Amino acid sequence: MTRYLVQRLASSGFVLFGLVTLAFFATHVIGDTVFLLVNRELATEEDRLAVVRAGGFDRPVPEQYMRFLGNALRGDFGRSIWQNRPAALVVLERLPATFLLAFSALVFSVVSALGLAVLATRTSRGWLAGGITALAIALSSVAPFWLAMVLVLVFAVQLGLLPSSGFGEPRHLVLPVLALAAGPIGRLTQVLQTQLASEMGQPYVTVARAKGLGRGQVVRHHVLRNSAIAALTVVGGELVVMLSVAVLVEAVFAWPGVGQVALQAIQRRDLPVVMAAVIYTGVVVTSI
């Protein structure tokens with residue numbers, strides 16, 4: 001266990017170091033960083049020079065990189081040009097909303113996939129199991145961003161049943177969770193169906209059926225428990241995917257998470273907030 005933890009920490013640290021390095025060269029070397037940090041229409045040449053001196057952009061690139069790396073390790077990404085507050089604070093205060101969306105979608109995905117897989121395994125009707133398999137494949141193939149727009153068009157615009165944006169009430173979670181959970185439901189259902197079918201062929205199932213237990217009882221009391229470990233390994237990976245895809249889903253539903261604030265920062269050329277959003281998202285993803 002200790003060796004695994006050390007390897008995991010080392011790999012996470014390596015990934016984060018690469019992310020920080022990539023972020024630096026993407027924003028400090030490619031193009032004019034100062035151009036992104038000042039208002040071309042209102043800023044004077046003196047303002048531009050002040051930004052150059054304050055940010056150390058007149059220093060050699062290796063020195064800029066070491067300064068940037070040190071600041072990133074301290075969580076200092078500068079001040080938001082848009083909100084005039086520390087960029088790290090702007091991003092960190094949005095993380096709870098992103099976590100709420102991702103974990104709600106994860107719980108819904110696990111419960112739904114478990115129900116579908118158990119239903120397909122318990123039934124002796126081949127058409128029903130085949131239909132569930134086809135549904136799982138279809139769900140795993142749907143793009144979350146496209147599905148989010150379809151859900152808004154159908155349930156919010158045409159039917160008026162659910163809000164297309166908002167935060168604070170359970171109904172505001174419904175459409176974003178559906179858009180984010182569709183793919184994981186499909187993938188988890190396929191994994192669970194395969195695992196449950198494999199377990200159903202084990203000798204202990206034959207013994208249990210010989211003792212008079214019904215198919216549903218065997219699945220519920222024996223097969224499902226033995227398949228849980230395989231499912232849990234997939235759930236962790238799906239959480240990582242959800243946190244990554246949540247950025248796109250938040251943009252559609254105006255969900256006040258990291259994805260929305262990053263999009264707003266890009267539109268306003270607020271480079272410190274964009275950097276903080278990218279790196280903090282990377283920290284969260286690599287920590288899971």
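Looking at segment 130-147 only, could you name the residues that are aliphatic (A, V, I, L, M) and touching a residue at least 40 places away in the same chain (Cβ under 8 Å)? Listed by number, the residues that qualify are ILE132, LEU135, ALA136, ILE137, ALA138, LEU139, VAL142.
Taking segment 236-288 as the range and being surrounded by fewer than 19 Cβ atoms within 10 Å (Cβ to Cβ) and of a type in the set (S, T, N, Q) as the test, the residues that pass are SER244, GLN264, GLN267, THR286, SER287. Among the numbered conditions (1) under 23 Å from GLY237 (Cβ atoms); (2) exposed (fewer than 14 other Cβ atoms within 10 Å of the Cβ), the only one that VAL154 does not meet is (1). Pairs meeting the criteria (first residue in segment 98-127 and farther than 17 Å from PRO144 by Cα and of a type in the set (Lys, Arg), second residue at pLDDT below 85 and open to solvent by less than 80 Å² (accessible area, probe 1.4 Å), beta carbons under 6 Å, at least 6 apart or on different chains) are ARG122/GLY216; ARG122/VAL219.
The values are calculated or read from the model by the stated rules, or taken from the named source; none is laboratory data. Owing to the predicted nature of the structure, the values given are computational and were not obtained by experimental measurement. Cβ sites come from the backbone with ideal geometry, for glycine too, and all protein chains shown count toward neighbours. In case anyone asks, the SASA skips ligands and DNA or RNA and just uses the protein heavy atoms, side chains included. Shrake-Rupley method; radii C 1.70, N 1.55, O 1.52, S 1.80 Å.
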